[in-house]
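The values are calculated or read from the model by the stated rules, or taken from the named source; none is laboratory data. Predicted model only: the values in this text are computed from it and were never measured. All Cβ positions, glycine included, derive from the backbone under ideal geometry; neighbour counts span all protein chains shown. Areas reflect the complete protein model, heavy atoms only, side chains present, ligands, DNA and RNA absent. Shrake-Rupley method; radii C 1.70, N 1.55, O 1.52, S 1.80 Å.
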Amino acid sequence: PGATLAREDAALDVAAARDAAGRLLGRPDRPTALVCDDDVMSAGAYKAARARGLEIPRDLSVTGIDDVPLATALEPELSTVRLPAAELGAAGMEALLRLLEGERPATLSLPGELVVRGSTGPAPVE
């Protein structure tokens, strides 16, 4: 209750994510958490937070998606959603092949697993 959602688009690279996160963190209603589209973008969010003197997760929680090796190289280690990469790639190729054959791809749902690490915590009390 009372939460708001703000969104910034960015290319999937560290510099673009840093700039997008910086715009969000510069708002008067600064977010308490950043949910990034992938782990590489989370690295950009870390940079933006540190440039503003914010400590992760005390001042800001950050999450990613993919659970690539970078997730455990960041400090603190990144909370992320682990996706079944091989199955995701195979499903994408199957959908592409069906489209090229003029068919409609099947709907598919793949499981994700939340991997909680050190980059998330309770929202700061104001």
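Looking across A20, A49, one residue alone is touching a helix residue (DSSP H, G or I) at 6+ places or on another chain (Cβ under 7 Å), open to solvent by less than 20 Å² (accessible area, probe 1.4 Å), in a helix (DSSP H, G or I) and more than 19 Å from E113 (Cβ to Cβ). It is A49. Taking the criterion of being hydrophobic (A, V, I, L, M, F, W, C), open to solvent by less than 50 Å² (accessible area, probe 1.4 Å) and within 30 Å of T32 (Cα to Cα), the residues of segment 78-115 that qualify are L78, V81, V115. Take the conditions open to solvent by less than 80 Å² (accessible area, probe 1.4 Å), within 29 Å of P1 (Cα to Cα) and in contact with an Asp or Glu (Cβ under 6 Å, 6 or more places away or on another chain) and apply them to G44. Does it pass? Criteria not met by G44.
In this structure, is G118 open to solvent by less than 50 Å² (accessible area, probe 1.4 Å), assigned to a strand (DSSP E or B) and in contact with an Asp or Glu (Cβ under 7 Å, 6 or more places away or on another chain)? No: the conditions fail for G118. Taken together, the criteria exclude E55 from residues that are assigned to a loop (DSSP other than H, G, I, E, B) and within 14 Å of the chain's Cα centre (by Cα).
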